[in-house]
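Everything below concerns the one structure shown next.
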Amino acid sequence: MSKSIMIMGCTSDAGKSFVVSVLCRIFANQGQRVAPFKAQNMSNNAAVTHEGGEMGRAQYLQAIAARVEPHTDFNPVLLKPQANVLSQVVVNGQVDHQLNAMEWHARKERLWPVVKACLDRLQKEYSLILIEGAGSPAEVNLKKSDIVNFAVATHVEADVFLVADIDRGGAYAHLLGTFMCLTEAERLRVKGFVLNKFRGDESLLADANDWLYQQSGVPIVAVLPYTRHRLPEEDAFFHRSRAARGAVNMGLVMYPYASNLDEFDSLAYHDEVQLTVVRHVADLENLDALILPGAKHVAAAMQYLQEEGLDVGIRQFIDRGKSVLGICGGLQLLGREVIDEFHVEGGSFRGLDILPLQTRFQKPKTTVRRMINWQADELSVYEIHQGESEALEDSLEVFIEAGTGFRKGNVYASYLHGLFENACFCRWFLQPLGVQFSQQANWYDFLDTELDRLAMELQPRLEQIIDYGQLT
């Protein structure tokens, strides 16, 4: 039977995904066959496996960190928010329309057997499973429907480590408070506390660490320094740069339920590019190019553009000769009409009518990874959409590939995600804007190097946790 280590957090964004990613690379570098796992993820940042299944981006990255092929067994349940109280439910990589309409607590009866089956398969195939919790195990209102925190830890008899973000303040209260909300059996699984994002003199923590041990009997096993990195965020977009003089400024329209934003990380971290969030018309000033990203609810995105006057602002931006690129949902918004008879994403509506396109939504969902030959290079991309679009006028040119991409003048649209993760596409798009290129690597090659750097820097800090995962 394989070993299991589980990283839980006192809050969301405490650093669970980051710690698991780094541990995956450390153990993989030691020669262990390690698998990441998170039973249930809530995020519109989704990835597509080679088998065509959807999974959370965090576990996709962790699989890369572990040097194993990403698989939906690593994230059997993915919730993709598309309204305040509505999420699309993806199970074993495929949309489950029955679960979409089921009450939250009633889902456990259907989902827990799925989670257990994935865990059982992973335990047979891997020597170590590195498990990520969700939110906080202290959310007592969700305890009866838990399929992601201590239900998982108990099933695989995992050693649990609890992470707190000390940079936020209140970390010791978070750790002790979370610990006290656990049952006696759950507390026995907690082997240590982790302080994440610490800045300053670590010796100043000694008295507080002793106090916490006296209160709980659980030691602080790792203090991780505030570490700047370029790994993708799990389910948000934290880049907040503003348009700056002398830089190449690119805007990313942030409408409700914008999705797959991590595919633009290569731009956000580019030394010569300022990637700025666009929420209002004034944000369009001083931009050199604009991106309309994917959207999990295109009707809500269109309504937002109209309410903010961005529909007019985007047309004026294009009239000034600036480049605009729509990806997936962004492609659909640039079109003339979206026909959604089944209310897959909010019903039918008129688009921006910038490109003569008609999109029709159907229930079958396209999820596929692709390799496309383009301009003497190869693009590694993926599709993840339910709408299919067709040209209404012959004036539309093909962009990259017929059927998935369209162009009219300085407006480009594509169903292909991950374009900017390819160095050849970055070069093609950014050089006309004035960005200079040397030998830039593809984004996932860069991430591989970044994972090795983080593993080397943080391994000494994580030794006490690493000891729990060593083979005997």
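At-a-glance table
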item	result
Residues located in the range 260-300, provided they are farther than 13 Å from ALA247 by Cα and either among the polar types (S, T, N, Q) or without any contact (Cβ under 8 Å) to a residue 12 or more places away in the chain (or both)	ASN260, SER266, ALA282
Candidate set from the range 190-227 (those that are basic (Lys, Arg) and crowded, with 18+ Cβ neighbours inside 10 Å); member that is nearest to the chain's Cα centre (by Cα)	LYS197
Which listed residue is more than 20 Å from TYR444 (Cβ to Cβ) and either open to solvent by 10 Å² or more (accessible area, probe 1.4 Å) or outside any loop (DSSP other than H, G, I, E, B) (or both), from VAL68, VAL90	VAL90
Set LEU287, LEU352, LEU275: member being of a type in the set (A, V, I, L, M) and either assigned to a helix (DSSP H, G or I) or over 25 Å from ALA46 (Cβ atoms) (or both)	LEU287
Criterion: of a type in the set (Gly, Ala, Ser), on the phi < 0 side of the Ramachandran plot and at pLDDT 95 or above - qualifying residue of GLY321, GLY294	GLY294
Pair list, Cβ under 7 Å, 6 or more apart: the range 350-371 residue without any contact (Cβ under 8 Å) to a residue 12 or more places away in the chain, other residue open to solvent by 50 Å² or more (accessible area, probe 1.4 Å)	MET371/GLU378
Failed condition for GLY15, given (1) more than 17 Å from ALA222 (Cα to Cα); (2) touching a Gly at 6+ places or on another chain (Cβ under 9 Å)	(1)
Failed item in (1) modelled with pLDDT under 95; (2) surrounded by 16 or more Cβ atoms within 10 Å (Cβ to Cβ), with TYR444 passing the rest	(2)
The range 106-122, residues that are within 21 Å of SER43 (Cβ to Cβ), in contact with a helix residue (DSSP H, G or I) (Cβ under 9 Å, 6 or more places away or on another chain) and open to solvent by less than 60 Å² (accessible area, probe 1.4 Å)	ARG107, LEU111, TRP112, VAL115, CYS118, LEU119, LEU122
Contacts under 6 angstrom Cβ, first residue in the range 301-317 being closer than 18 Å to ASN286 by Cβ and among the aromatic types (Phe, Trp, Tyr), partner open to solvent by less than 60 Å² (accessible area, probe 1.4 Å) and assigned to a helix (DSSP H, G or I), 6 or more apart	PHE317/LEU284
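The values are calculated or read from the model by the stated rules, or taken from the named source; none is laboratory data. Model, not experiment: these values are computed from the prediction. Here Cβ is always computed from backbone atoms with ideal geometry, including for glycine, and neighbour counts include all displayed protein chains. We work out accessible area using only protein heavy atoms, side chains counted, and drop any ligands, DNA or RNA first. Shrake-Rupley method; radii C 1.70, N 1.55, O 1.52, S 1.80 Å.
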